[in-house]
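K.L.:
One structure is given below, represented as structure tokens, and several questions about it will come after.
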Amino acid sequence: MLEVKHLSYQVMENGSMRRLVDDVSFCVNDGEMLVITGPNGGGKSTIAKLLMGIEKADSGEILLDGQELLAMNVDERAKAGIGYAFQQPPAFKGMTVERLLNLAAGEPLSEAACCELLSSVGMCAREYLKREADATLSGGERKRIEIATVLARSHKICVFDEPEAGIDLWSFSMLVDQFERIHEKKQESLLLISHQERIIRMADRILVVNDGRIQESGSREEMLPKLFPEDSGCACRNENAGREDGNCECENGCSR
């Protein structure tokens, strides 16, 4: 279980202090999928960086299964059980994709295992294994490879910052399927930062963050009608929701 208590963070901007995260508290239960959404610049990505230790919080607590993480660096937090995928993935000049996956897994992986990881995020695996994970790859390719590195190892909680950014629709569908499989197993918690409706609809709980604060939070059933009022009260997860013919076919008998 991840517990975040009264987390705050401020930066110097134009000669004065600006608070980017202001007294934020929430939890992610074991096996739960929490989606954080809200307007651009509201503080969502900053919260993710604070969780991973990329940015240093000014105050508050971050507990993972009761262990305090705030004083830990990025490596220590990764070892404690947090996986993290950046919104804008870094490039690694001189390192092949295969080597990167092995490092992420923390153990040697077979070529077949590497291919399976890349295929799970919509990549033609064998074309990429020996390529360098550098700037010769597109932003979308680096994004998918980074997500594969997170999936290469089991974590207590995986944090994905806008996983849909920069990838095509086909790859996005495969990625959503992967999130659903992880969620169904309930072996890892998921914290996803996203504007994408399909991801938001997968959540167990939803947090709306704006101006560095939690503006609203609740279960999927509570939040979806507020975020998507056109649903007319339907908060189903039926695979037919949003079909081209407009029919939902959920147990509520609604249509979109």
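Values quoted throughout were computed directly from the atomic coordinates according to the rules given, and no laboratory measurement underlies them. Predicted model only: the values in this text are computed from it and were never measured. Because the Cβ atoms are built from the backbone with ideal geometry, glycine has one as well, and the counts that use them run over all protein chains shown.
K.L.:
Among Ala48, Leu117, Val176, whose Cα lies farthest out toward the positive end of the dipole of the range 2-231, if unit charges sit on the beta carbon of Lys, Arg (+1) and Asp, Glu (-1)?
P.N.:
Value: Leu117.
K.L.:
Next up: Return the distance in nm (one decimal) between the two label points of a simple spin-label model at Met95 and Asp30, each offset 7 Å from Cα along Cα→Cβ.
P.N.:
3.2 nm
K.L.:
With contacts defined as alpha carbon pairs under 8 Å and 6 or more residues apart, what's the relative contact order of the range 157-220 in percent?
P.N.:
Contact order relative to length: 33 percent.
K.L.:
Same structure, new question: Below 8 Å, C-alpha to C-alpha, sequence gap of six or more: please give me the relative contact order for the chain in percent.
P.N.:
In percent, rounded to a whole number, it is 24.
K.L.:
Jot down the radius of gyration and Dmax of the range 2-231, Cα atoms only, both in angstrom.
P.N.:
17.6, 54
K.L.:
In nm, to one decimal, how far is the Asp23 label point from the Glu61 one, both placed 7 Å along Cα→Cβ?
P.N.:
It is 1.7 nm.
K.L.:
With r defined as the distance between the Cβ atoms of Leu129 and Asn73 and R0 fixed at 30 Å, what FRET efficiency is calculated, to the nearest 0.05?
P.N.:
Working from the Cβ atoms, E equals 0.50.
K.L.:
Now for a different question. Return Ser25, Ser8, Ser16 ranked ascending by Cβ neighbour count within 10 Å, so the fewest neighbours appear first.
P.N.:
Ser16, Ser25, Ser8
K.L.:
How much of the DSSP bridge set in the range 2-231 is antiparallel, in percent, rounded to the nearest 5?
P.N.:
The antiparallel proportion sits near 60 percent.
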